[in-house]
């Protein structure tokens, strides 16, 4: 069972998970994610950020912020490897989508990369399809831009 709680990107549990995901990015991409994100981007009414807890431990995180007036962008989505394939990522993504929809978003998009094969498969299984490149990694050849209607 995943206990989803509103949080801040710069809180201690989010920083812990961010350090983990940055180490993963170094392994698969050769460097950290350099996309600049300010914690305020995930504050209402511009977005939201959630931490997921299992047995009191932080195991997942994700946020969304508006890309334009109608489109939200999922960012910093991460589930610890030890608890993957338990439906936690789906529960987190469902909540992020619902929160963005409630805030007025009609579409949602995200950027991932070719080396993250499982992530690409996960998002496609959740109804995400290819969209035109956007954002910080728009010109990165290994980036994959996905989105769907809410």
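FYI, it's all coordinate maths here, none of it is from the lab. Source: prediction; values computed, not measured. Glycine gets a Cβ as well: all are built from the backbone with ideal geometry, and neighbour counts include every protein chain shown.
Some observations on this one:
- Gyration tensor verdict on the range 79-150 (Cα atoms; rounded if a/c is under 1.5, prolate if a/b is larger than b/c, oblate otherwise): oblate
- Cβ-derived FRET efficiency at R0 35 Å, residue 149 paired with residue 15, nearest 0.05: 0.60
- Projected label distance in nm at residue 102 and residue 1, using a 7 Å step from Cα toward the beta-carbon: 2.0
- Of the peptides 106-112, 36-42, the ranking by mean beta-carbon count within 10 Å, highest at the top, reads 106-112, 36-42.
- With the simple spin-label model, which puts each label point 7 Å out from Cα in the Cβ direction, the residue 34 to residue 124 separation comes to 2.9 nm.
- At R0 = 35 Å, FRET efficiency that the Cβ-Cβ distance of residue 57 and residue 142 yields, to 0.05: 0.65
- For the chain: rounded, prolate or oblate by the Cα gyration tensor [a/c cutoff 1.5]: rounded
- The chain - mean residue ellipticity at 222 nm from DSSP helices (-39,500 (n - 2.57) per run, n ≥ 4, rounded to 500): -9000 deg cm²/dmol
- Cα centroid separation - the range 17-68 against the range 78-124, whole Å: 11
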